[in-house]
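The structure appears right after this line, and notes come after that.
No lab work stands behind these numbers, since they all come straight from the coordinates. The model shown is predicted, which means the values in this text are computed figures rather than measured ones. Every residue, glycine among them, receives a Cβ derived from its backbone with ideal geometry; neighbour counts consider all protein chains shown.
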Amino acid sequence: MLRSIGPNDWFNVIVLVIEYVLFFFLPPRIPKSVAALVMLIGLALPLVWDHSLGTPPIDLYDTNVYPELTFADVLTWAMYPPLAYFFAYLYDKLRIRGLAIPAYLLVWAVAGTAFEAAAASFGVFDYKGWSLRYSFLVYLAVLSVTAYLFVRLMASFHRARKASFRP
Amino acid sequence: MQLVIMSAVAFLTTFAYFATERRLHHFEILAAWLTAIIINSPAYSFFAVNHHWVSVPRIGEIAAARLIYTQWLFPLYVTWTVGRMTALRRPLAKLAFFLAADAAMIGLGWGLHLSGIVQFKPAAWPYYAILKTIVLLSSAGAALGIRYLMRKDGIPDAAFHRPE
């Protein structure tokens, strides 16, 4: 069924364009295999939330105006992987260690919540019992898992590379 | 009761998997696992909300049991299957194993239906079978794709096979 283009669609498209332009113009830093996995993590974790809490029988929110899956939802999902990549990219570039880790997670969780508030104001999310306060906690949890996996993946990658250069 | 059984199965299966898995590199495990989630999760919404082909009773325990199955046990099963399939050398053996694993996945869906965790309408079954085939193929493709990227990153083939 064709539906008219709403503000949520424009929000999705504009954010997608900005994200992917930035993604393709950033100088490569993370190994391709690790970057691909980080992007898969960045897509899978939100999908787990969206399709656990946002669908019946729990059904706490709708995405992109309608309860049904629409093409606009695919656009929304496409926003997640580059964000996970930027998160890992900056984590690596800024050499986040020690006490900087919780500070970095907090900054990203606040930014994520603010981004979601903007998306909700454009109709990308429609809460039916959900609240941005819970989103903040979800972002903290998801970002912590992503950071942990990223660090483990990078360590594993460097170990494998080192082993391959041994005589 | 469904939640207790599902949790116990999830715990024991996970333990068994990580105690025995020697075929895939953990990059490949993660790729196959995440791909299964990425395809399966929206498909559930498509089945449940767009077409009303499946429904889950509004009982917290049963909803939790379904989540354990869809978000943990099912990706685990797919990843296990991909690992086993990768280890087979002959194409016919691969195909036979793939078909058997696919049929078993549909059987698991039937088990969910019988146990009352998910209620399928008859119209759902052909699409459910197609979906499970797509998930399995995509996860196998993701594992191969990540192996390709690892090679491009300079990790040699020896890293992919941990000793038995």
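Points to keep in mind about this one:
- Along the range B:117-125 the Karplus relation, 6.51 cos²θ - 1.76 cosθ + 1.60 evaluated at θ = phi - 60°, assigns HN-Hα couplings of 6, 10, 10, 9, 8, x, 5, 6, 4 Hz to successive residues, with x for each Gly and Pro.
- The HN-Hα couplings worked out from phi for the range A:70-83 by the Karplus form 6.51 cos²θ - 1.76 cosθ + 1.60 (θ = phi - 60°) are 10, 4, 4, 5, 4, 4, 4, 4, 5, 6, 5, x, x, 4 Hz, whole numbers, x standing for Gly and Pro.
- For the range B:87-145, trypsin sites (Lys or Arg not before Pro) meeting the loop criterion (DSSP other than H, G, I, E, B) and having at most 10 other Cβ atoms within 10 Å: B:ARG89.
- Dipole of the protein assembly as shown, positive end: most advanced residue of B:THR13, A:THR55, A:VAL15 [Cβ charges, Cα centre]: B:THR13
- Near the amide H of A:PHE125, within less than 5 Å, lie the amide hydrogens of A:ASN64, A:ALA120, all on another chain or at least 5 residues away, with H placed in the peptide plane.
- For A:LEU69, the residues whose amide H sits under 5 Å from its own are B:ASN50, ignoring neighbours fewer than 5 places away on the same chain, with H placed 1.01 Å from N.
- For the range A:7-12, 3J(HN,Hα) per residue [Karplus equation, 6.51 cos²θ - 1.76 cosθ + 1.60, θ = phi - 60°, Hz, x = Gly/Pro]: x, 4, 5, 4, 4, 4
- Backbone amide hydrogens, once placed in the peptide plane, bring A:LEU60 within less than 5 Å of A:GLY54, A:THR55, excluding anything fewer than 5 places away on its chain.
- The range A:71-130 versus the range B:119-152: alpha-carbon centroid distance in Å: 27
- Span from the the range A:1-46 Cα centroid across to the the range B:1-38 one, whole angstrom: 28
- Here the simple spin-label model places points 7 Å from the Cα toward Cβ, and for B:LEU137 and B:HIS52 these points are separated by 3.1 nm.
- Above-threshold pairs, the threshold being 30 Å between Cα atoms, out of A:LYS93/A:LYS162; A:LYS93/A:LYS128; A:LYS32/B:LYS132: A:LYS93/A:LYS128
- Compactness relative to 2.2 N^0.38 Å, alpha carbon Rg of chain B: 1.09
- Förster radius 30 Å - calculated FRET efficiency between A:ILE14 and A:ARG97, Cβ distance, rounded to 0.05: 0.30
- Taking trypsin sites (Lys or Arg not before Pro) across the range A:115-167, the ones in a DSSP loop with at most 13 further Cβ atoms lying within 10 angstrom of their Cβ are A:LYS128.
- Other protein chain Cβ atoms within 10 Å, averaged over every residue that makes up B:142-150: 3
- With a simple spin-label model that places each label point 7 Å from the Cα along the Cα-to-Cβ direction, the separation between B:THR14 and B:LEU108 comes to 1.5 nm.
- Pairs of Cα atoms in the range A:118-167 fall into 5 Å distance bins, from 0 up to the last occupied one, in shares of 4, 16, 13, 14, 11, 9, 9, 7, 6, 5, 3, 1, 0 percent.
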